[in-house]
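I have placed the structure first, in the form of structure tokens, so that the comments after it can refer back to it.
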Amino acid sequence: MRLFYRGPHFDHGVHPPELKELTSHLPIRRMPYPDEVVLPLRQHAGAPAKLAVNKGDRVIRGDTIATASGFVSAPVHASASGTVVDIGLWPHPDGTMSDAVRIEVDRYSPQVTRPRMVPHWEGLTPKEIVAAVQNAGVVGLGGAAFPTHVKLAPPPDVSVETIILNGAECEPYLTTDHRIMVEYPGRVQLGARIMLHTLGAKRVVIGVERNKPDAIEALRATLPTDIDVSVLPLTVKYPQGAEKMLIHAVTGREVPSGKLPVSLGVLVQNVGSAASIGEVFETGLPLLERIVTVSGPGVKHPANLIVPVGTKVGDLLDMCGGVTDDAAEIVFGGPMMGVAQGNLDAPIIKGTTGVIVLTFAQVPDARSYPCIHCGRCLDACPMMLNPSLLGDLARTGRYGEMEAEHLADCMLCGSCTYVCPSNIPLAQLFQASKSALKRVKAGAA
Amino acid sequence: MSLRLGRSLVVTASPHIRKRDSTPYIMWNVVASLAPIVGAAVWFFGPSALLVLAASVGGAVATERVFGKGGTIADGSAAITGLLLGLTLPAGMPLWMVVLGAAFGIGLGKLIFGGLGYNIFNPALLGRAFLQAAFPVAITTWPATGGSWLALRGDNFAIPLMSPRVADIVTSATPLGLMKFEHKPTALWDLMIGTTSGSLGETAGILILICGAWLAIRGFLNWRIPVSILATVAAFSAALHALDPARYATSLFMVFSGGLILGAVFMATDMVTAPVTNLGRWIFGLGIGILVVVIRVWGGLPEGVMYAILLMNAMVPFINRATQPTPFGVSRAKAAA
């Protein structure tokens, strides 16, 4: 029980500079088509999509170029009309190489899609809605890219009471979800309505950090009265947008370790994903483009842009006036959890929330000091772990002991690393330990 | 694509931004916060104070330089150890002993464990414990405050390993010594502002509290430790005083006399040798507070802060184990099982 109720919040966490003012006021604009789009077959959690085109094929914007290879998979569509010029390995934003379809964009094409039917969702069964969402290739747009339709089809023995829409957007710089809520509140509400209908849930809560008052206002102005939808302003701190932290803030309950949110009757979807579901049933179009925040002190003209999936990051930064002379690091996602890019050819994929260009002044010092047991990481960890102890165990390779200390509950949010005065790369150590533990287990099995 | 970069991209693991606090920054802030206390020591004890502090810092830094890993002087931790050790010594201490104590504190108190971050005991206090054991007379010869400011107070320049000549200085017992052996209380106001005899940096209680508060507000020391130590000493000694006012001192006397405030604010809060959990910090402070009163009241020595902190330092690994946070989503019942 809380003696002093401080409003919806979770314990611990950190407060990095928000840095949203670069783009939070900028309306979403559409970028022109690049000369080429590259569409990796692996754009979502789960099984990669199965190739459905051949080299040399002409494709029209919206055509399926790869189909879902199972239930936990999503198809990939051509984000521009043109010619398939190559199919092969290409730099993936996660740092690996992955199979991708390269489409040379037809520069004289008007980029219209084939005529398609807009399904009337109210007449569809939950199963048909799930199929329609899957066919549209919608995946979680908050970054994790888990196929959205899978969450809409929970096992029969569980029931979802509460749908939480995640509009926290707690990473510094990112304003993608913020602008979606300000400019497309109706689509977010439509998505919420369709999810309520599909899951038979009771209520929808849209959680938004308090630093987006215009988004809260826009959502409240469009709140439907016939269903139970509410907007909940949340404490501004990182990682408020982490699924478990958000559920804790909204419901006051903790998702048990090792269990899914659905064990509490809760389902979380990103507001962008909700808007995307709404869009599918408004336009009939699959997910061909996404909204990306391009920001950071290293980019000349920060912007919120509608970007065709598959646009190479170099082309995107070109659109934004290029980078400054002191640009040092290009990050996909926010600076706390995002992935640094080593290649300007890496394409924007469905889960890319932002492209942040950081300068040399911001890149952390590579030098680290011994742990002085200051305890700041314990105060920062939202999962109430002991990163100091885990760090000691990681450096000596005691992965089994790390498992006993709940390494599995670490979500790699980076809060511990952010506050560490000794500059110890804790999150990196934990990620490596997780992989090492997985290898050890695979070897033992 | 027209975008060209003049150099290759930086590719590092997330998070890509950091809070602008570093370990050296914390250490040097502690050093800076000690400046007023050093000033007070010089004000009360004159040039002798500067000599002792210089010898202590010099001994600590030189030992770190010779036996430590390269480049570790810049982190400031050796300077803090030297400064803190110097502040716990009397003004008249022969300088060669001071250097030896500092070398012991850094060498056997810290470097032997692996350097910064790996030591179990507070190195400054370990250095002082060594001096207490080796030179019990020199470390308990307390010059009085007042008199000519320029005069040296004691045997600062005694020749190493020779027995010190009998110094022609005014000495006086510390307030705790007066209380323990003669049942004479000292005026509270003198205790608070520091016009009593004692070690260099322990006398000006209020000043130390102000410096500590500045550090705590800026997040460089954890307030729970000094608060729990001082509260425990105050409560415990108040209870004793209530039982027998003639025999036991008041709690304000106990809090402001001796090295308690210096120890609570600057020694016990040493991050390396204190618990990492907040609950652990409360337990650590409680333990120190109890030990301080027990040693002062029933022990053979008038002062007990050094031993109290060192004893509780030894408990820290157990305290850390016992106060592990319960991870999010793991029920307390399950964690206890």
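The values are calculated or read from the model by the stated rules, or taken from the named source; none is laboratory data. Everything numeric here is computed off the predicted structure, so don't read it as measured data. In this analysis, Cβ positions are derived from the backbone assuming ideal geometry, glycine residues included, and neighbour counts consider all displayed protein chains. In case anyone asks, the SASA skips ligands and DNA or RNA and just uses the protein heavy atoms, side chains included. Shrake-Rupley method; radii C 1.70, N 1.55, O 1.52, S 1.80 Å.
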Residue, farthest from the chain's Cα centre (by Cα), within the range A:154-168, restricted to residues that are within 15 Å of A:ALA192 (Cα to Cα) and either in a helix (DSSP H, G or I) or not β-branched (Val, Ile, Thr) (or both) | A:GLU161
Is one or more of the residues making up the range A:139-154 surrounded by fewer than 22 Cβ atoms within 10 Å (Cβ to Cβ) and among the charged types (D, E, K, R)?
-> no
Among the listed residues B:LEU207, B:LEU215, B:LEU191, which satisfies the condition of being over 21 Å from B:LEU301 (Cα atoms), part of a helix (DSSP H, G or I), in contact (Cβ under 8 Å) with a residue 60 or more places away in the chain and in contact with a Phe, Trp or Tyr (Cβ under 9 Å, 6 or more places away or on another chain)?
-> B:LEU215
Which fully enclosed helices (runs of 4 or more DSSP H) of the range B:1-92 have 3 or more residues being more than 14 Å from chain A (Cβ to nearest Cβ), touching a residue at least 40 places away in the same chain (Cβ under 8 Å) and under 27 Å from B:LEU191 (Cβ atoms)?
-> B:35-45, B:47-67, B:77-87
Just wondering, is there one or more residues in the range A:205-218 that are hydrophobic (A, V, I, L, M, F, W, C), open to solvent by less than 40 Å² (accessible area, probe 1.4 Å), within 13 Å of another protein chain (Cβ to nearest Cβ) and under 17 Å from the mean Cα position of the chain (by Cα)?
-> no
Quick one: count up the residues across the range A:344-365 that are open to solvent by 10 Å² or more (accessible area, probe 1.4 Å) and hydrophobic (A, V, I, L, M, F, W, C).
-> 5
Considering each residue of the range B:203-229, count those that are open to solvent by 30 Å² or more (accessible area, probe 1.4 Å), more than 14 Å from every other protein chain (Cβ to nearest Cβ) and under 19 Å from B:ASN278 (Cβ atoms), and give that number.
-> 3
Qualifying residue in the range B:37-46 (condition: over 18 Å from the mean Cα position of the chain (by Cα), open to solvent by less than 10 Å² (accessible area, probe 1.4 Å) and more than 20 Å from B:LEU221 (Cβ to Cβ)) | yes
So B:LEU100, is it over 30 Å from A:LEU358 (Cα atoms), within 20 Å of the chain's Cα centre (by Cα), open to solvent by 40 Å² or more (accessible area, probe 1.4 Å) and touching a residue at least 12 places away in the same chain (Cβ under 8 Å) = yes
Per the list (1) open to solvent by less than 10 Å² (accessible area, probe 1.4 Å); (2) more than 30 Å from B:SER77 (Cβ to Cβ); (3) within 7 Å of chain B (Cβ to nearest Cβ), residue check on A:GLY375 breaks on (2)
B:GLY105: touching a residue at least 40 places away in the same chain (Cβ under 8 Å) and surrounded by fewer than 24 Cβ atoms within 10 Å (Cβ to Cβ), yes or no?
-> no
Would you mention how many residues in the range B:49-77 are modelled with pLDDT under 90 and polar (S, T, N, Q)?
-> 1
Taking A:GLY391, is it modelled with pLDDT of 95 or more, closer than 21 Å to B:LEU116 by Cα and not aromatic (Phe, Trp, Tyr)?
-> yes
Residue, surrounded by the most Cβ atoms within 10 Å (Cβ to Cβ), within the range A:388-429, restricted to residues that are on the phi > 0 side of the Ramachandran plot and over 23 Å from the mean Cα position of the chain (by Cα) | A:HIS406
